[in-house]
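Have a look at the structure below before the remarks.
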Amino acid sequence: MKFVETPLKGAYLIHLEKREDERGFFARAFCVNEFEAHGLNPAIVQINNSLSKDKGTLRGMHYQLAPKAEVKMVRCIKGALYDVILDLRIDSETFGQSFGQELSAENRTMMYVPEGFAHGFITLEEDTEAFYLSTGFYAPEYERGVRYNDPKFNIQWPATPVVVSEKDLNHPDFNEDYHLK
Ligand SMILES: Cc1cn([C@H]2C[C@H](O)[C@@H](COP(=O)(O)OP(=O)(O)O[C@H]3O[C@@H](C)C(=O)[C@@H](O)[C@H]3O)O2)c(=O)[nH]c1=O
């Protein structure tokens, strides 16, 4: 695997290193030893899979507060999506900055989302499936969301969302008391 740190410290793009032959290729998609060698948390406890039927479906920006904060490792296994992470680490030099990357079944790239980040995506094709590994169990009482169009963050989406859940449309404007405590 090839680990490339994003402009947001601690967040990585992880690319497959393909060993190709006449059959196709072989590649490691996850390895505890390699993750630990890069200082990344490999302690997966949950694997999630979502299907978005319509192109332009936006899910996000989601995270769980401490002590239920979690790392997510996101891949797209069908179709394509634009994946976005938002740094909500209050002491971070890049607090409030976001980073986006296309993840697709074709490029097989994984986004490593550290604790303290919100995460979301918009699908770029119909019938797109996200598949992601998580180091935390689902804990709805610790779940928080930043609205995808919160004026404080001005996240640059590559397309206008077509489908957004009621929950995601109604996340309140960012305020520290709700979003960080
Ligand atoms: C996240 C989650 C949801 N659920 C339930 C709650 C609800 O009934 C249903 C759908 O949940 P949501 O609407 O939150 O699904 P969704 O909007 O797809 O939520 C996901 O969005 C992306 C961007 C992420 O980063 C994920 O961590 C997760 O928050 O599934 C679980 O049972 N376990 C889980 O881990």
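Taking the criterion of being assigned to a helix (DSSP H, G or I) and either touching a residue at least 40 places away in the same chain (Cβ under 8 Å) or away from the ligand (no atom under 11 Å from the Cβ) (or both), would at least one residue in segment 120-140 satisfy it?
No, the conditions are met nowhere in segment 120-140.
Being in contact with a strand residue (DSSP E or B) (Cβ under 9 Å, 6 or more places away or on another chain) and not in a loop (DSSP other than H, G, I, E, B) is the filter here; which residues of segment 142-181 pass it?
Scanning segment 142-181 gives Y142, E143, R144, G145, V163, V164, K167, D168, Y178, H179.
For segment 98-114, give me each residue that is surrounded by fewer than 19 Cβ atoms within 10 Å (Cβ to Cβ) and in a loop (DSSP other than H, G, I, E, B).
Across segment 98-114, the qualifying residues are A105, E106, N107, R108.
Looking only at segment 28-64, filter to residues that are open to solvent by less than 20 Å² (accessible area, probe 1.4 Å) and among the aliphatic types (A, V, I, L, M); which one of those is farthest from the ligand (Cβ to nearest atom)?
L40
Determine whether T94 is more than 13 Å from the ligand (Cβ to nearest atom) and touching a Leu at 6+ places or on another chain (Cβ under 8 Å).
Considered against the rule, which asks whether it is more than 13 Å from the ligand (Cβ to nearest atom) and touching a Leu at 6+ places or on another chain (Cβ under 8 Å), T94 comes out as yes.
The values are calculated or read from the model by the stated rules, or taken from the named source; none is laboratory data. Computed from a predicted structure; not experimentally measured. Here Cβ is always computed from backbone atoms with ideal geometry, including for glycine, and neighbour counts include all displayed protein chains. Each accessible area value is taken on the protein alone, full model and side chains, heavy atoms only, with ligands, DNA and RNA left out. Shrake-Rupley method; radii C 1.70, N 1.55, O 1.52, S 1.80 Å.
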